[in-house]
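The structure appears below as structure tokens.
The values are calculated or read from the model by the stated rules, or taken from the named source; none is laboratory data. Remember, predicted model here, so these are calculated numbers, not experimental data. When we count neighbours, we look across all protein chains shown, and the Cβ atoms used for this are built from the backbone with ideal geometry, even at glycine. Protein only, heavy atoms only, side chains kept; ligands, DNA and RNA dropped before computing areas. Shrake-Rupley method; radii C 1.70, N 1.55, O 1.52, S 1.80 Å.
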Amino acid sequence: MSKISTKLATYFFLVVFIMEIFLMYHLHQNMLNTRVDEEFSLLLANGANHRDVLVENFTEMTIEHIVLMEKNGNREVMITNREGAVLNSSAQSTKLNEKYESLIHNLHNEEDAVIVSDWLTSPYIVSAHPYEVNDQQTGYVVMFQNTDSLNQMVDEMNRHFIISGVVILIVLLIVYFVLSKILTRPLIRMKEATEKLSKGDFNVSLPVLEKDELGELSSSIQKLANDLNHYKSERNEFLAAIAHELSTPLTYLSGYSKVAMRTELTDEERNHYLQIIGEESKRMQDLVKSLLDLSRIDETSFTVSKVYFPVRPFLETIYKLVAPSYEIKEMTLNLICEEDFQLFADPIRMEQVILNLLDNALKYSNPHSVATLHAYKKGEQTILSVTDTGIGIPADKVGYIFEKLYRVEKSRSREYGGSGIGLAVVKELVEAHGGTIEVKSVVGGGSTFQITLEES
Ligand SMILES: Nc1ncnc2c1ncn2[C@@H]1O[C@H](COP(=O)(O)OP(=O)(O)OP(=O)(O)O)[C@@H](O)[C@H]1O
Ligand SMILES: [Mg+2]
């Protein structure tokens with residue numbers, strides 16, 4: 001009995017079976033009592049009837065008549081006098097008189113009554129009906145009802161009950177097997193599926209069941225399998241992308257270092273190559289730093305500790321930090337922060353977010369274009385936006401730019417630099433603040449990244 005379904009079905013079977021026995025027993029007893037009561041009432045009514053006729057016209061003739069009426073039936077009648085002697089009897093043999101002689105002699109009841117009621121063992125049930133015509137003429141009309149027919153009826157009824165009991169038992173057994181199968185099949189499939197999952201095989205397909213607990217469990221397992229499958233392929237892609245990212249600068253490093261080692265180079269040429277080596281090392285350093293950030297996101301170890309701080313000085317500091325890079329590219333960076341309000345955020349993380357967005361605005365814009373950092377309150381919300389008039393992002397690519405290692409134009413990555421990690425980090429950080437980030441972009445027209453933070 002290790003299967004849950006068998007257990008459940010067994011409990012169900014036992015409960016229904018016990019209930020059935022209980023109900024059938026009650027029904028049986030009720031029917032029996034009603035039938036026996038009916039028999040008693042009929043006997044009493046007949047006896048009373050005979051007695052009434054007798055009292056009305058107490059003659060030899062009436063007695064004959066009453067006795068005649070009960071001949072050839074299941075009933076017998078005896079009429080006694082005040083001494084207890086039988087005046088007349090419908091019984092063919094004298095056996096009945098002899099058997100019940102002492103009983104008939106000792107009748108004392110003043111009302112009509114059943115005096116032998118044990119229908120199960122006694123061959124007759126007996127009722128006595130006192131009559132009194134005058135002082136001299138008193139006695140009893142005694143009625144005998146053969147119990148054979150009653151016993152027969154009871155046997156018949158018992159047979160019916162046994163047959164229906166057996167039929168119900170068979171139906172219950174069928175229900176028991178069907179129920180345990182219905183419950184077992186999906187459970188076994190789910191068990192097999194989870195075993196497959198634990199062995200690392202995530203290609204699981206469970207059938208869609210009805211919307212009950214089993215169905216929900218099955219679809220949860222299916223979802224788990226799908227998610228694991230997705231993560232597995234994502235991880236593989238991610239590792240391949242990292243390997244690729246790292247291999248490019250490494251190729252440059254080893255190539256240029258070999259070239260730089262040549263003895264026939266002039267100092268100027270050697271410096272040039274060393275400079276490239278330096279730049280590539282820097283690129284790799286940045287990449288590794290970003291990867292580190294990314295791994296921290298996955299571990300959800302980005303702790304955001306929010307405090308209130310004035311927004312304007314905060315943005316001005318960032319502005320001063322990036323302004324030189326913008327100057328080098330001869331781009332204009334505007335800071336618009338008309339109202340100095342309190343920002344409720346983690347200043348270090350928020351700086352990281354804005355620097356990333358400003359870095360993108362710089363990287364993906366042409367020289368002499370304009371970028372704007374804008375901060376304002378909109379009701380309870382704080383809006384921080386970075387707008388550029390740069391190259392823009394194609395509409396079909398906008399959905400992917402927050403994914404790890406995603407870059408719109410991979411072939412131009414060397415031209416622009418970047419490894420596709422910045423926005424993934426930005427999104428995680430904004431969401432860790434309980435905020436949202438949206439993008440609007442037009443190819444060739446520029447992009448706007450807008451962060452919405454809720455107060456408190
Ligand atoms: N302001 C923007 N204008 C146009 N394209 C953008 C802009 N910001 C991001 N993108 C596109 O989205 C991609 C993902 O940006 P993300 O900041 O995540 O990576 P990255 O800038 O390439 O590298 P990283 O920021 O990690 O150094 C970029 O490669 C670029 O194609
Ligand atoms: Mg970036």
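For this structure, a couple of remarks:
- SER149 vs. criteria within 30 Å of VAL114 (Cα to Cα) and either open to solvent by 90 Å² or more (accessible area, probe 1.4 Å) or in a helix (DSSP H, G or I) (or both): yes
- Check on TYR308, assigned to a helix (DSSP H, G or I) and among the hydroxyl-bearing types (Ser, Thr, Tyr): no
- Here SER325 meets each of (1) in the same structural domain as GLN381 (by TED's automatic domain parsing); (2) more than 16 Å from ligand 2 (Cβ to nearest atom); (3) in a helix (DSSP H, G or I) with one exception, condition (2).
- Any hit, the range 365-375, residues being touching a residue at least 12 places away in the same chain (Cβ under 8 Å), closer than 21 Å to THR436 by Cβ and either open to solvent by 70 Å² or more (accessible area, probe 1.4 Å) or within 8 Å of ligand 1 (Cβ to nearest atom) (or both): no
- GLU268 vs. criteria away from ligand 1 (no atom under 16 Å from the Cβ), assigned to a helix (DSSP H, G or I) and of a type outside the set (Phe, Trp, Tyr): yes
- Residues in the range 129-157 that are in contact (Cβ under 8 Å) with a residue 24 or more places away in the chain and farther than 30 Å from HIS50 by Cα: MET157 alone.
- Screening PHE58 against (1) open to solvent by less than 90 Å² (accessible area, probe 1.4 Å); (2) modelled with pLDDT under 90 leaves a single unmet condition, (2).
- Cβ-Cβ distances below 6 Å connect no pair with a first residue in the range 418-437 that is among the hydroxyl-bearing types (Ser, Thr, Tyr), a second residue that is assigned to a loop (DSSP other than H, G, I, E, B) and more than 12 Å from ligand 1 (Cβ to nearest atom), and a separation of six or more residues or different chains.
- Matching residues in the range 28-60 - criterion: being more than 19 Å from TYR124 (Cβ to Cβ) and without any contact (Cβ under 8 Å) to a residue 40 or more places away in the chain: GLN29, ASN30, ASN33, THR34, ASP52, VAL53, GLU56, ASN57, THR59, GLU60
- Matching option when the condition is open to solvent by 40 Å² or more (accessible area, probe 1.4 Å), modelled with pLDDT of 90 or more and not aromatic (Phe, Trp, Tyr), among VAL307, VAL322, VAL311: VAL307
- Here SER218, SER180, SER205 are screened, and the one residue that is polar (S, T, N, Q), open to solvent by 70 Å² or more (accessible area, probe 1.4 Å) and not assigned by TED's automatic domain parsing to the domain that holds GLU39 is SER205.
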